[in-house]
Amino acid sequence: MDIGSGASSVGIGAGAPRLSVVAPCFDEEATLPEFVRRLSAACEAAAPGDFEIVLVNDGSRDATWPCIRAMTLSRPGIVGLNLSRNHGHQLAVTAGLARARGERVLVIDADLQDPPELLGALMAKMDEGHDVVYARRRSRASEGPFKRASAWLYYRVLRSLTEVEIPHDTGDFRLMSRRIVDRLGEMPEQDRFLRGMVAWLGGSQCELPYDREARFAGKTGYTFAKMARLAVSGVTSFSILPLRLAATMAAAGALGAAALTVYVMFGFLTGRTAPGWTSLALIVIFFSTVQLACLGILGAYVGRIFLQVKGRPLYLIDDIVSSNAPSIVSGSATERADDEATARPEAPHLERLRGGR
Ligand code: UDP
Ligand code: MG
């Protein structure tokens with residue numbers, strides 16, 4: 001079993017392809033054949049015969065993994081990673097990025113909401129000298145009003161809270177240079193909000209507008225809970241303003257308490273002590289709300305510190321298959337990783353990170 005440390009496990013070396021594509025797949029059996037067909041055509045046009053497609057099975061409950069394995073036998077340039085369970089979209093992409101060897105790496109959803117045909121334009125834009133070309137959603141007609149409105153609001157709130165300029169209306173559909181992918185691999189954080197991390201890295205980043213299409217088949221794997229978790233990660237990974245907000249609320253609460261004390265004492269001294277139930281109830285409600293809010297905010301950060309301190313691997317890979325080495329299909333992932341490590345020496349920072357585990 002191969003473990004992810006947040007760092008690339010395979011550095012670029014001799015024979016690295018010009019382009020790698022990383023696609024996380026969760027219950028995508030109905031879409032995969034059409035996705036790989038369209039994506040392969042786009043890669044063939046952009047980097048003829050010099051690309052690899054890394055398909056990461058993120059603990060799918062359907063036949064996604066058998067489908068990926070079959071593809072490695074029938075098509076060139078496919079690498080399949082099978083995570084040990086559903087680790088979530090961001091970690092599936094992280095696992096794929098760690099395996100991608102290309103000089104440029106495209107991250108794309110496997111449900112065909114991100115059109116693979118945009119690859120040519122993304123490559124052309126990167127030729128102008130950019131480190132990252134992210135695709136910005138000009139329209140997202142296929143998504144419901146709730147998702148659109150919440151995304152619109154979220155990215156604007158996030159931007160006002162963080163110092164890093166995380167672009168509006170973008171997902172993880174983007175083309176990145178090897179330098180950015182390596183630097184991303186060096187960031188050891190457990191709680192990964194990739195689009196923010198890429199923005200944090202800086203360099204020359206530019207956008208390319210596109211129209212987000214409807215899902216080809218199946219339904220979204222992003223449940224409300226997963227979306228909410230990603231949204232909180234975005235804020236807690238890039239801003240400590242909410243912690244300061246907790247302090248502000250506590251200060252406001254103290255002012256309120258002082259005013260209430262004056263009011264209560266005044267009533268007591270003038271002998272107008274009311275039965276007091278209403279004011280007592282209001283006081284209790286007010287302070288419990290402020291305290292719970294502060295505790296909730298603290299909890300969001302402390303929980304993340306706890307996860308980080310444990311230093312667990314980010315994900316676990318059970319199997320790796322590849323068009324170039326179909327015999328690996330039944331081999332263990334460790335064997336494969338070791339083979340690759342001897343064939344291509346790792347970058348020093350990657351060895352350091354691995355050694356730390
Ligand atoms: N996905 C994943 N793990 C998950 C959920 C989603 O790997 O736990 C993949 C999914 O197969 C797709 C991409 O991430 O390729 C985006 O997910 P989805 O389409 O469900 O999200 P949405 O586009 O609705 O935000
Ligand atoms: Mg989708």
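Is it fair to say residue 258 is away from ligand 2 (no atom under 16 Å from the Cβ) and surrounded by fewer than 14 Cβ atoms within 10 Å (Cβ to Cβ)? Before you say what the answer is, go through the steps one by one.
Numbers: away from ligand 2 (no atom under 16 Å from the Cβ): yes; surrounded by fewer than 14 Cβ atoms within 10 Å (Cβ to Cβ): yes.
Yes: the conditions hold for residue 258.
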Is at least one residue of segment 117-128 surrounded by fewer than 24 Cβ atoms within 10 Å (Cβ to Cβ), modelled with pLDDT of 95 or more and in contact with a Ser or Thr (Cβ under 8 Å, 6 or more places away or on another chain)? yes
Tally the residues that are part of a loop (DSSP other than H, G, I, E, B), within 6 Å of ligand 1 (Cβ to nearest atom) and either among the aromatic types (Phe, Trp, Tyr) or over 16 Å from residue 38 (Cβ atoms) (or both), restricting the search to segment 86-114. 2
Among the listed residues 32, 55, 112, 81, identify the single one that is away from ligand 2 (no atom under 16 Å from the Cβ) and over 23 Å from residue 231 (Cβ atoms). 81
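Any idea which residue in segment 189-224 is surrounded by the most Cβ atoms within 10 Å (Cβ to Cβ), counting only those that are assigned to a helix (DSSP H, G or I) and modelled with pLDDT of 90 or more?
Looking only at segment 189-224, we keep the residues that are assigned to a helix (DSSP H, G or I), and these are 194-201, 224.
Remaining after also requiring modelled with pLDDT of 90 or more: 194-201.
On the way: 194: 21, 195: 21, 196: 21, 197: 20, 198: 27, 199: 19, 200: 18, 201: 19.
Per the criteria, the residue is 198.
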Is it true that some residue in segment 178-188 is within 16 Å of ligand 1 (Cβ to nearest atom), surrounded by 18 or more Cβ atoms within 10 Å (Cβ to Cβ) and not in a strand (DSSP E or B)? no
Identify, by number, the condition in (1) touching a Leu at 6+ places or on another chain (Cβ under 9 Å); (2) away from ligand 1 (no atom under 16 Å from the Cβ); (3) aromatic (Phe, Trp, Tyr) that residue 173 doesn't meet. (2)
Please identify the pairs in which a residue from segment 39-68 that is outside the structural domain of residue 87 (by TED's automatic domain parsing) has its Cβ atom under 8 Å from the Cβ atom of a residue that is surrounded by 21 or more Cβ atoms within 10 Å (Cβ to Cβ), counting only partners at least 6 apart or on another chain. none
Go through (1) at pLDDT below 85; (2) closer than 22 Å to residue 129 by Cβ for residue 147 and report which single condition fails. (2)
Considering 58, 111, 50, which residue is over 24 Å from the mean Cα position of the chain (by Cα) and not aliphatic (A, V, I, L, M)? 50
Any idea which of (1) more than 30 Å from residue 232 (Cβ to Cβ); (2) surrounded by 14 or more Cβ atoms within 10 Å (Cβ to Cβ); (3) at pLDDT 70 or above is the one residue 351 doesn't satisfy? (3)
Which residues, counting only those in segment 202-245, are more than 14 Å from ligand 1 (Cβ to nearest atom), under 15 Å from the mean Cα position of the chain (by Cα) and among the aliphatic types (A, V, I, L, M)? 232, 235
Subset of segment 182-212 [within 17 Å of residue 164 (Cα to Cα) and in contact with a Pro (Cβ under 9 Å, 6 or more places away or on another chain)]: 195, 199, 205, 207
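The values are calculated or read from the model by the stated rules, or taken from the named source; none is laboratory data. Remember, it's a predicted structure, so these values are computed and weren't measured experimentally. With ideal geometry, Cβ positions are generated from the backbone for all residues, glycine too; neighbour counts draw on all protein chains shown.
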